[in-house]
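The values are calculated or read from the model by the stated rules, or taken from the named source; none is laboratory data. These numbers were taken from a predicted model, which means no experiment stands behind them. Because the Cβ atoms are built from the backbone with ideal geometry, glycine has one as well, and the counts that use them run over all protein chains shown. Just so you know, the surface numbers come from the protein's heavy atoms only, side chains and all, with ligands and any DNA or RNA stripped out. Shrake-Rupley method; radii C 1.70, N 1.55, O 1.52, S 1.80 Å.
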Amino acid sequence: MTRIDLHCHSTASDGTLTPAELVRAGAEAGLDVMAITDHDTTGGWAEAAAARPENLTLVRGAELSCRWFGVEPTIPLHLLAYLFDPGEPRLAADLARLRSDREQRAEKIVELLRADGVDISWPEVSGYAAGGSVGRPHIAQALIRAGLVRTTDEAFASRWLGARYFVPKADLDVFEAVRAVREAGGVAVFAHPNATVRGRIVPDKLIVELADAGLFGLEADHEDHTPEQRAHVRALAGELGLVVTGSSDFHGTHKTVRLGAFTTELSAYGKIVSAATGVPVLG
Ligand code: AMP
Ligand code: FE
Ligand code: FE
Ligand code: ZN
C-alpha cells in the first residue's frame, strides 16, 4: 500500500520540524509520498528537496489563506495548492502580500496583549517564526513562555487568540486564488472544507461554484471533520467530479496529530500529479 500524506507544515510556517526534519520524519513514519504545504509560503521547498530521503516522494505545495466574500460576515478558508510554479509573478506576489500582512497582524495582536499588561513582545514572537510565515501559534508560544496558558490549544480559547485578541488576516479572494493557482500550473484542493470546529464553513453551493471555477479536489479525511462530515465531503466530491484527499495537517508539537494519521488514495494522487504543470514531484 502506498501511504500518501498531502498536507504537512514545517518551520517555514507554524510547524515545529524544520523542512529537513519534516521529510525525514515522513520517511520514518512510513510515508511514501508527502506534501509540504506551509501557510502562504514556498520558503521550505528548497530545504525539504535537498534533505528528501530517497524512498520518499516530495510534493511541493502551500496552504493559501483565502476568504469567501459572498456573504456578510465573510468566511475565511484554506486552499491547498500543489505543484505550482513558485516563480509565477502573480501568485508569488499574492503569497508575499499574505506573509507581510501576517506580520502586521501578529504585531497588532501583540500590541493588544501588551496593552493589557501581557509580557510578550514582537521580537520574541518574530523570533519564534524565525523568518517563516508568522501565525497565531507563534504568539501562543509566547503566551506559554509567559506562563499564561499551558498549551497552544488553550491559547486559541476565546479569552485569548480565539476572540478577545483576535485580529483577522487580509486573505485572498478564493475565486482569484483558484485562478492564480491554475495560472501557475498548480492544482487547488479545498482544505478541511466542513470543519465546523474551526468556525463558520461555506455552503455546498459555493463549492459547486468553485468546482466550475477550476477547483480540483476536496480534503475529506481530516481530524477536524466528524465521520459524517467526511462522508458528506466525499459524496459532494463525487457529485462534482472532484478528487478526494485525506491528510494529517501535521504541525509538529503545535498539534497532536501524527504524520499519516489520514492519507490519500493513490488514484487521487495520480490525478493531481497528472493535472499539474508547474513543478514536478521529486522522487
Ligand atoms: P493563523 O494562521 O495565524 O490564523 O493561525 C491559525 C493556525 O493555528 C492554523 O493553521 C492551525 O493549524 C493552528 N492551530 C493550532 N492549534 C489551534 C487551535 N487549537 N485552534 C485553531 N488553530 C490552531
Ligand atoms: Fe497552521
Ligand atoms: Fe488549514
Ligand atoms: Zn494546514
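Annotations
- The set of residues in the stretch 228-283 being touching a strand residue (DSSP E or B) at 6+ places or on another chain (Cβ under 6 Å), surrounded by fewer than 21 Cβ atoms within 10 Å (Cβ to Cβ) and closer than 23 Å to residue 46 by Cβ consists of 281, 282, 283.
- Filtered by the rule that a residue be of a type in the set (D, E, K, R) and crowded, with 24+ Cβ neighbours inside 10 Å, the stretch 4-46 gives 5, 14, 38, 40.
- Residue check for residue 166: aromatic (Phe, Trp, Tyr), at pLDDT 95 or above and either within 16 Å of ligand 2 (Cβ to nearest atom) or part of a loop (DSSP other than H, G, I, E, B) (or both): yes
- Test: residue in the stretch 98-113 that is open to solvent by 40 Å² or more (accessible area, probe 1.4 Å) and in contact (Cβ under 8 Å) with a residue 60 or more places away in the chain: no
- Some residue of the stretch 244-259 being in contact with a helix residue (DSSP H, G or I) (Cβ under 7 Å, 6 or more places away or on another chain) and over 28 Å from residue 129 (Cβ atoms): yes
- Selection within the stretch 234-260 - within 16 Å of ligand 3 (Cβ to nearest atom) and in a helix (DSSP H, G or I): 252, 254
- Candidate set from the stretch 47-86 (those that are open to solvent by 60 Å² or more (accessible area, probe 1.4 Å) and in contact with a strand residue (DSSP E or B) (Cβ under 8 Å, 6 or more places away or on another chain)); member that is nearest to residue 14 (Cα to Cα): 76
So that you can scan it fast, the table gives a plain yes or no per residue for (1) more than 20 Å from residue 133 (Cβ to Cβ); (2) acidic (Asp, Glu):
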residue	(1), (2)
4	yes, no
7	no, no
40	no, yes
71	yes, no
77	no, no
92	no, no
96	no, no
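- Flag for residue 161 being part of a helix (DSSP H, G or I), over 29 Å from residue 263 (Cβ atoms) and not charged (D, E, K, R): yes
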